[in-house]
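Undergrad: Quick one: the structure is below, and I'll ask about it shortly.
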Amino acid sequence: MKITDPVCKMTIEKEDATATSSHGGKTYHFCSSHCKEKFDKNPESYIDGDATGKK
């Protein structure tokens, strides 16, 4: 399944995600540890209301 990294908006296969993070009971998937770190510092600025990160 394709998902979108909520930080950089890159489309990746869910199983290819390098990192995940949970926030508000939802799991977000990332293309890199760098994107995960940015998300973890300020998740509210990247959340669009969809647990998959898709808009």
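The values are calculated or read from the model by the stated rules, or taken from the named source; none is laboratory data. Everything numeric here is computed off the predicted structure, so don't read it as measured data. Virtual Cβ from ideal backbone geometry, glycine too; neighbours counted across all protein chains shown.
Undergrad: What pairs can you find where one residue is in region 1-14 and among the hydroxyl-bearing types (Ser, Thr, Tyr), the other is surrounded by 13 or more Cβ atoms within 10 Å (Cβ to Cβ) and not in a loop (DSSP other than H, G, I, E, B), and their Cβ atoms are less than 9 Å apart, with a gap of 6+ or different chains?
TA: These pairs meet every condition: THR4/ILE12; THR4/HIS29; THR11/ILE3; THR11/THR4.
Undergrad: Which of the residues belonging to region 2-24 are in a loop (DSSP other than H, G, I, E, B), modelled with pLDDT of 95 or more and either in contact with an Asp or Glu (Cβ under 9 Å, 6 or more places away or on another chain) or not basic (Lys, Arg) (or both)? Lay out the reasoning, then the answer.
TA: Taking region 2-24 and keeping what is in a loop (DSSP other than H, G, I, E, B), we get 5-10, 17-18, 24.
So of that shortlist, the ones also modelled with pLDDT of 95 or more come out as 5-10, 17-18.
Residues satisfying the conditions are ASP5, PRO6, VAL7, CYS8, MET10, ALA17, THR18.
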